[in-house]
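Read through the structure below, which is laid out as structure tokens, and then see the notes.
The values are calculated or read from the model by the stated rules, or taken from the named source; none is laboratory data. Predicted model only: the values in this text are computed from it and were never measured. Counting neighbours? That spans all protein chains shown, and the Cβs are built from the backbone with ideal geometry, glycine included. The area values use the complete protein model at the heavy-atom level, side chains included, leaving out ligands, DNA and RNA. Shrake-Rupley method; radii C 1.70, N 1.55, O 1.52, S 1.80 Å.
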Amino acid sequence: MSRVNGQLVTCDRCGTEIFVKHIGDGELDGGFTRWNNFEPLPNGWGGHKGKTLCPDCFREWNRLETEFMNKELEFFKEVS
């Protein structure tokens, strides 16, 4: 039996999961402050306001954000 240390990352919107391997530890002040380092998430994974999003959900978020910003610009142009 083999084992790999790592972190299971889950999309906060749809639940898609991905596993990233542990690649070492970080340490400060003689070892009193320690943390784990993991492989970076693959391209396409992103986040917004502390939420982790898979590539599909992150693309959808970017589309919604762009659409909203365009409508906001149109809204303020009408007033001027």
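Which whole number of Å³ per residue matches the convex hull of the alpha-carbon atoms in the chain?
Values: hull volume 11.8 nm³, N = 80.
It is 147 Å³ per residue.
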(message) With a 1.4 Å probe and all protein chains left in place, how much of the accessible area of the chain comes from carbon and sulfur atoms, in whole percent?
(response) 53
(message) Taking C-beta distances below 4.7 angstrom as the pairing criterion, name the unpartnered cysteines of the chain, in sequence order.
(response) 14, 57
(request) For the range 3-80, state which trypsin sites (Lys or Arg not before Pro) are in a DSSP loop and have at most 12 other beta carbons lying within 10 Å of their beta carbon. (result) 3, 49
(request) Collect residues whose amide H, placed 1.01 Å from N in the peptide plane, falls under 5 Å from the amide H of residue 6; neighbours closer than 5 in sequence don't count. (result) 22
(request) Pop out the ³J(HN,Hα) list for the range 60-70 in order, Karplus 6.51 cos²θ - 1.76 cosθ + 1.60 with θ = phi - 60°, rounded to Hz; leave Gly and Pro as x. (result) 5, 4, 4, 5, 4, 5, 5, 4, 5, 5, 5
(request) Order 8, 53, most accessible first, counting only protein heavy atoms with a 1.4 angstrom probe. (result) 8, 53
(message) Could you work out [θ]222 nm for the chain from helices alone, using -39500 (n - 2.57) per DSSP H run of at least four and dividing by all its residues? Round to the nearest 500 deg cm²/dmol.
(response) -11000 deg cm²/dmol
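So what is the accessible area of the chain per residue, in Å², with the probe set to 1.4 Å?
Details: 6690 Å² over 80 residues.
Value for the chain: 84 Å² per residue.
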